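The values are calculated or read from the model by the stated rules, or taken from the named source; none is laboratory data. All of these numbers come straight from a predicted model, not from anything done at the bench. We place every Cβ from the backbone using ideal geometry, glycine too, and count neighbours over all the protein chains shown.
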Amino acid sequence: MDEHEKDFYRSPGPMTDLSSCAPAALQDLPDSPADLMAVVRGCVIEPGTLTQIYKLDLPVGRDDERQIRPAASMVAKIMELQDDPLVHARPPERRFFGTCRNYATLTAALFRHAGIPTRVRAGFAGYFVPGTWMDHWIIEYERDGTWVRVDTELDDAWLAKRSPGMTSEILAATLYLSGSEAWSTCRSGELDAESFEMGGHRGIGEIRGSVLYDLAALNQHEMLPWDEWAHMEDAYKHRTDPSYDVMLDQVADVTARGDLEEIRSLYATSEDLRVPASMLS
């Protein structure tokens, strides 16, 4: 990757700008990827992990935290739950209750704050349910001039219970497909679209949505995984015509080539692809 690409992905976007955060929240943050991911895991937890791994009950009245889009607002909520700098790990029940998208977006924000080029990827993970590719968001960060995939959400307790001997980097590198990668493999017949699941639904319609989430994230618009814009609702319900799938073929080709200017141009010039000022969520 060239310096222009590094500069774009080390700069904060609308969802990852931490300039409004209280300075105390970001005090003494580490600057290494591993340590920053540990900070995120000490501040955020997926409710299923709280109940299944830690065997704790869900506190009442906190279902709306996963709806928070900007990382700065996540930080504000984290501080509300426990008024300490983010470097202080919280007890599981006092962590921000988020989804994989919250993990990935907050991680990208902290990495960019530290000057590390980072991008969020929306797609599917094959390491949660055997035989199923589950809707999941991770990050890629620049290391030695290449993109390294890693799943911030997977802590030591999860890995020990579900994938002993593995690391989140190995799992993300070998059993993760971005939305466009999932689309291409299913279009070619390499994988069955019915093995892909998003929000309890399976099939090619769910993959169509993931292609757009991933393209938006590559353009620094890390949306909620239930946001819908343009023709996404119709695409989920198989009401789009064949030209829509041809458009997604083009998106998959462009993201596979990885040219930043192509990715940004395609997104910016298509009302069918880019995130509007308002949308259905």
field: Residue identified as within 26 Å of GLU169 (Cα to Cα) and out of contact with any Phe, Trp or Tyr (no Cβ under 9 Å at 6 or more places or on another chain) among SER11, SER20
entry: SER11
Exclusive hit being in contact with a Pro (Cβ under 9 Å, 6 or more places away or on another chain) and in a strand (DSSP E or B), set ALA24, ALA38, ALA122: ALA122
field: Odd one out for ALA173, checked against (1) free of Cβ contacts under 8 Å to residues at least 12 places away in the same chain; (2) within 19 Å of VAL148 (Cα to Cα)
entry: (1)
message: Anything in the stretch 251-281 that is under 18 Å from GLU5 (Cβ atoms), without any contact (Cβ under 8 Å) to a residue 60 or more places away in the chain and either touching a Gly at 6+ places or on another chain (Cβ under 6 Å) or among the hydroxyl-bearing types (Ser, Thr, Tyr) (or both)? List them, or say none.
response: SER265, TYR267
query: For the stretch 1-35, what are the residues that are closer than 25 Å to LEU224 by Cα, touching a His at 6+ places or on another chain (Cβ under 9 Å) and aliphatic (A, V, I, L, M)?
result: MET15, LEU18, LEU26
field: Long-range neighbours under 7 Å by Cβ, at least six apart or interchain, first residue closer than 16 Å to THR107 by Cβ and modelled with pLDDT of 95 or more within the stretch 80-96, second among the polar types (S, T, N, Q) and in a helix (DSSP H, G or I)
entry: PHE96/ASN102
query: Can you name the residue in the stretch 149-192 that is under 14 Å from the mean Cα position of the chain (by Cα) and of a type in the set (A, V, I, L, M, F, W, C) and, of all such residues, is farthest from ILE207 (Cα to Cα)?
result: LEU154
